[in-house]
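A short worksheet on the structure shown next.
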Amino acid sequence: MSQSGYQPPRVWVWEQPSGGRFENINRPMAGATHEQDLPRGRHPFQLYSQGTPNGMKVTILFEELLAAGHSGAEYDAWLIRIGEGDQFGSGFVDINPNSKIPALLDCSGSQPMRVFESGAILLHLAEKFGAFIPRDPAGRAECLSWLFWQVGSAPYLGGGFGHFYVYAHEKIEYAINRFAMESRRQMDVLDRQLARHEFVAGDCYTIADMAIWPWYGRLALGKVYDAAEFLSVHEYTHVQRWAQALAGRPPVQRGSRVNRTSGDPAQYLRERHAAADFDRAAPHGQG
């Protein structure tokens, strides 16, 4: 018998919402809930996303590609309001059957190509443009190892720590302690790596940095879950150095603004269809 008195049933049955801020969009089945076509813009890449940490990864890469002179990386970024269930519309599910942002439609070839999952999108674009991924086998392996470290680790920070610390309808000590411990362990892994290298995968800025910074870099800067003091992120001095350096990059600042819906609406760019859109919106600083 657990300390709370709860005993799991022999067979789990979904009888009530899970509770918390996102209970209206959590359900134990996949597929579309309604018909909803997705808009299309004129650029080679159509991104359907929201400016969460996972969404930021891709918009940061797009802005870095454009800043590096890859004009073929022009994109339209359409807002998917996950709190309102846009990700369950039929058009979105056709691109991402997992109903999670971000989702990309690559229209640069003869036939549109869907790419879903943020790590897969980063890898797809880096390989397509031959940028922000090392060409030598050892460097590429290191970059991909850290990219997939983020993919495997961040759910413990987000769906684990973030859910129980911020969103759950009741504070559960065991759950918060369990995931706080894991979040600090992950920050220590990253801090030890950055003690020896300028960037996460070595001496070059790569998609590994772009994947990790929206979660762990912004956590270090006090921008994720308002948990900087709780997790003592000031102790990770090498993460702090790296996080601040990336926050100072103009493409990172621009990418952090796209599809944002939190904070002051005047400070964020809900949709992005041209570089000039940033000039028409209020500046927002370092994400």
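The values are calculated or read from the model by the stated rules, or taken from the named source; none is laboratory data. Because the structure is predicted, anything quoted here is derived from the model rather than measured. Cβ coordinates were reconstructed from backbone atoms using ideal geometry, including for glycine residues, and neighbour counts include every protein chain displayed.
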Exercise. Across region 37-82, what is the total count of residues that are farther than 20 Å from A211 by Cα and polar (S, T, N, Q)?
Worked result: 1
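How about region 238-277: which of its residues are of a type in the set (S, T, N, Q) and surrounded by fewer than 19 Cβ atoms within 10 Å (Cβ to Cβ)? Lay out the reasoning, then the answer.
Of the residues in region 238-277, the ones of a type in the set (S, T, N, Q) are 240, 244, 253, 256, 259, 261-262, 267.
Hits for region 238-277 are Q240, Q244, T261, S262, Q267.
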For this session: Could you tell me which residue of region 237-287 is modelled with the lowest pLDDT, considering only residues that are over 20 Å from the mean Cα position of the chain (by Cα) and small (G, A, S)?
Result: A282
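Just to check your reading of the model, which residue among G139, G72, G91 is touching a strand residue (DSSP E or B) at 6+ places or on another chain (Cβ under 8 Å), outside any loop (DSSP other than H, G, I, E, B) and either modelled with pLDDT of 95 or more or not hydroxyl-bearing (S, T, Y) (or both)? Steps first, answer last, please.
On the way: G72 fails: touching a strand residue (DSSP E or B) at 6+ places or on another chain (Cβ under 8 Å); G91 fails: touching a strand residue (DSSP E or B) at 6+ places or on another chain (Cβ under 8 Å).
Going through G139, G72, G91 in turn, the sole match is G139.
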Exercise. All but one of (1) surrounded by 14 or more Cβ atoms within 10 Å (Cβ to Cβ); (2) touching a residue at least 40 places away in the same chain (Cβ under 8 Å) hold for A175; which doesn't?
Worked result: (2)
Problem set entry | Tabulated pairs, region 93-119, first without any contact (Cβ under 8 Å) to a residue 60 or more places away in the chain, second in a strand (DSSP E or B) and of a type in the set (V, I, T), C-beta under 6 angstrom, 6+ apart or interchain | L104/V115
For this session: Return yes or no: is L190 at pLDDT 95 or above, in contact with a His (Cβ under 6 Å, 6 or more places away or on another chain) and under 27 Å from I121 (Cβ atoms)?
Result: no
Seminar exercise, completed: Across (1) aliphatic (A, V, I, L, M); (2) buried (at least 19 other Cβ atoms within 10 Å of the Cβ); (3) not in a helix (DSSP H, G or I), M187 clears everything bar (3)
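So, in region 152-165, how many residues would count as being surrounded by 16 or more Cβ atoms within 10 Å (Cβ to Cβ) and farther than 22 Å from T237 by Cβ? Steps first, please.
Step one: filter region 152-165 for residues surrounded by 16 or more Cβ atoms within 10 Å (Cβ to Cβ), giving 153-154, 156-158, 160-165.
With the extra rule that they be farther than 22 Å from T237 by Cβ, the set shrinks to 156, 158, 160, 162-165.
Selection size over region 152-165: 7.
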Exercise. Residues in region 119-138: is at least one aliphatic (A, V, I, L, M), in contact with an Asp or Glu (Cβ under 7 Å, 6 or more places away or on another chain) and surrounded by fewer than 17 Cβ atoms within 10 Å (Cβ to Cβ)?
Worked result: no
Exercise. Going through region 54-69 one residue at a time, which ones are assigned to a helix (DSSP H, G or I) and surrounded by fewer than 24 Cβ atoms within 10 Å (Cβ to Cβ)?
Worked result: N54, L65, L66, A67
